Structures are given as C-alpha cells and as structure tokens.
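The values are calculated or read from the model by the stated rules, or taken from the named source; none is laboratory data. Keep in mind that what you see is a predicted model, and the values were worked out from it rather than measured. Reconstructed Cβ throughout: ideal geometry from the backbone, glycine too, with neighbour counts over all protein chains shown. With ligands, DNA and RNA removed, areas are computed over all heavy atoms of the protein, side chains included. Shrake-Rupley method; radii C 1.70, N 1.55, O 1.52, S 1.80 Å.
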Amino acid sequence: MRIAGTGSMLPKKVITNDMLSQFLDTSDEWIRTRTGVVSRHVISDERLEDMAIEAARRALADAEMTADELDFIICSNVVNEYVTPQLSCIIQGGIGATCPCIDINCACAGFIYALEIAESFYQAGRVRNVLIVSAEEPTRMTDWKDRRTCVLFGDGAGAAVLTPGDNIRSIKLSASSATDKLWQYRLLHPTPYITKEEVDMPLQMKGQDVFKFAVKAAGKDISRALKDVGIKADDVSHYLLHQANIRIINAIQEYLEQPAEKFPTNIEDHGNSSSSCCPILLDECNRSGLLKRGDMVAMSAFGAGFVSGAVLFEW
Ligand code: ACO
C-alpha cells in the first residue's frame, strides 16, 4: 500500500512541567533531562471519539478522498469511555463511511500493527483504501499523584489513509509476554457469582525494564526490516520513532549509528500519546514538508505486552 494522506488532532489544554511541579514532587529539570518532555496536551472537555473523527477527516482531505471510498477502518486504542461500541464504528459514523471496521489494542505499537493488518488485507485482495486512526488518552490511565508515570503522557489522535501502491516495503512485528512490567487493572461490574479478588489500579510501570526492552526491540525490529528490503541504515532518510523518552530515541539512534537529524521528535511538547505518537509525528513531518517524495522512512514503536514493530516505507 501507499500512505496517501495523514491527519492529527490534539487536545487544546497544554500542561507544562512547571504546572506539574505545583502539585507533584518533581521539577522541570528532572522531567526534561530524564524524559525530554517539556509540555503535553491533555484531554479536558474533549471526547476522544471527536478527536479521532477530526484526525480521520484531516487524513481523508489530505488524501483527497471521500469517506465512501474507504473499504476498511482500523482504530488502534487502549482506553476510551466506551466499552462498546468500538471506537472504529463511532469514527465510521462520524465521517460518514459505510465500510467494515475493527478496533485493535496493541498498546503503543498499535499503529504499526494496524499497518500490517491493512497491508495483509490489501495483499489478499480484500481492500483497496484503508483508514487507520490511532486515538489515545493515556492521561486517563495514570495516577496523577504518581510522579513516575503521569509526567510521561499526553493525549491525541493521528490518522493515515492507505491506498494501492508498493510503498510499504517491509513490516516486522514482535511480541514477548511480560505482564509484570507495564500493566493496569480495571474493575468490572460485580455479579452475584464473583468470588475472586479484583482491583482497580492505575497504570503500573517498571520504567527501567521498559527502557531496556524498548531499545533492544526497536533496534532488532528495524534491523530485520532493513535486512528484509536489502538496504542499510544509511539508506533511510527519516526514523520516526515512538515518542516515549528522548533517551530511548537517542539510544536507538546510537545503536543504528545514524545522525540525530534523521530522528524528528515531538516528545518535547506532546509527551507519550501511546499508539498515536507515530501517526501524529508522521502527520507533522508530512505537513512541515520534511518528507520528500522518494524518501525511505523507518517507523518503530514498542509498548505494553510487550509488543513492538517496525515498518519501512517509501514516501
Ligand atoms: N520527578 C522527580 N523525580 C522522579 C520522577 C519525577 N517525575 N520520577 C521518578 N523520580 C525519581 C525516582 O523516585 C527515583 O528516586 P530515588 O532514586 O530516590 O528512588 C529517581 O527519580 C530515579 O528513578 P528511576 O526510575 O531510576 O529513573 P529513570 O532514569 O529510570 O527514569 C523513566 C524513569 C523516565 C520512567 C525511564 O525509566 C523511562 O523512560 N522508562 C521507559 C518508559 C516508557 O517508555 N514507558 C512506556 C510508556 S507506555 C508505552 O509507551 C506503552
């Protein structure tokens, strides 16, 4: 397939590190140097589904396509207010599409997993035009009294429209189960029969374990994709990485022995918006004119599970 259009939407409220240090035992200096985040957009009165619909509309406009031309919609999401119906179906109605749709939860790697599903459906001859929307509100998952987690995240939605083409050259996915590194429990409604103990718990994270996994997984996934296509790291013009921590991005950059200019970031003013990071960054690089026709782009993400993936595509 070919990425024919991109779009994104961020909540209007911006929270700086200094604002966080008013109610948390933290500082701008700590957050900035340990994570790279300076400010983040957080949901206040917006609804995630409205942001997802707006990001989708912008991607369709960029692709010069109407919603009735879509054959499939994939939404990547970890949490939102609806348990059911699925977010992709709400987006379908919002943009006026009539095609089938599906939600996936692959944590921060959701956009790459969605690309693999779209490409596979296309290769099987089942679809021509696919909309992928990643919509995430991780700020609703964390304990805002826990300085180790809440400072990292921001909310947002990013979208991409895929059309026939041979620009996606390789996608490599991986998974390695580790439920004690990055996890969250929620309480379901009680029944008269439940006898086990259940808990409601915000996002829990063993930061250093996640850090190590992220660097290793991204290096491996990108290397596998490069080998698959038969090109070298030097042949890639831009590396669009999951925006979890600037130190993770720097470590991957060092592993690949590539110059920093090839790694555009937006973690400074967005934070980590889970699977939305990749399509939001892609949209910003598209709209700023950074991506030139023919550029080889590598995208890589990792998240809870653990799951990870990398994609190589020609712009
Ligand atoms: N402000 C001030 N101090 C803090 C803060 C804070 N916000 N958070 C932690 N600290 C303190 C800790 O309490 C600790 O203090 P102590 O030594 O007195 O115990 C000290 O700073 C060092 O803490 P570490 O956890 O060792 O700090 P580290 O350098 O590992 O950075 C971080 C923590 C930023 C979380 C890092 O480990 C990381 O980025 N990990 C990966 C996170 C990630 O990618 N998460 C994925 C998110 S979800 C997803 O994308 C699927």
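Could you please report the charge total around Gly158, scoring K, R as +1 and D, E as -1 over all other residues with beta-carbon less than 14 angstrom from its beta-carbon? Neighbour charge sum, excluding Gly158 itself: -4.
Expressed to the nearest 5 percent, the antiparallel share of DSSP beta bridges inside the chain is 70 percent. In this structure, Thr66 and Ile102 have a Cβ-Cβ separation that, at R0 = 25 Å, corresponds to a calculated FRET efficiency of about 0.75.
Note on Trp183: accessible area is roughly 60 Å² with a 1.4 Å probe, heavy atoms of protein only.
Add +1 for every Lys or Arg and -1 for every Asp or Glu among the other residues with Cβ under 12 Å from the Cβ of Val78, and state the total.
Cβ neighbours under 12 Å give a net charge of -2.
Among complete DSSP H helices in the chain, those whose alpha-carbon atoms stretch at least 18 Å along the helix's long axis and whose mean Kyte-Doolittle hydropathy reaches 0.5 are 110-123. Scaled against 2.2 N^0.38 Å for its residue count N, the alpha carbon radius of gyration of segment 46-165 is 1.08.
Remark: the chain carries 46 Å² of accessible area per residue (probe radius 1.4 Å; ligands, DNA and RNA excluded). Structural descriptor for segment 170-314: relative contact order 36 percent, calculated from alpha carbon pairs under 8 angstrom and at least 6 residues apart.
Length gained on full extension, Glu268 to Thr195: 21.7 nm, using 0.36 nm per residue less the C-alpha separation. A 1.4 Å probe over all protein chains sorts Cys89, Cys101 by accessible area into Cys89, Cys101, starting with the largest.
Sorted on the mean count of surrounding Cβ atoms within 10 Å across their residues, most packed first, peptides 191-204, 252-265, 50-63 read 50-63, 252-265, 191-204. In whole percent, and with a 1.4 Å probe on the protein chains, what portion of the accessible area of segment 170-314 is carbon and sulfur? C and S fraction of accessible area: 52 percent.
Per-residue packing, averaged as other Cβ atoms within 10 Å, sorts the ranges 7-18, 275-286 into the order 275-286, 7-18, beginning with the highest.
For the chain, the convex hull drawn through the C-alpha positions has a volume of 140 cubic angstrom per residue. The dipole here belongs to segment 17-59: it is taken about the Cα centre, uses +1 on the Cβ of Lys and Arg and -1 on the Cβ of Asp and Glu, and is about 240 debye. Eigen-decomposition of the gyration tensor built on the alpha-carbon atoms of segment 170-314 gives equivalent ellipsoid semi-axes of 33, 16, 14 angstrom, largest listed first.
Mean residue ellipticity at 222 nm, helices only, the chain: -9500 deg cm²/dmol; runs of at least 4 DSSP H residues each add -39,500 (n - 2.57), and the sum is divided by the number of residues.
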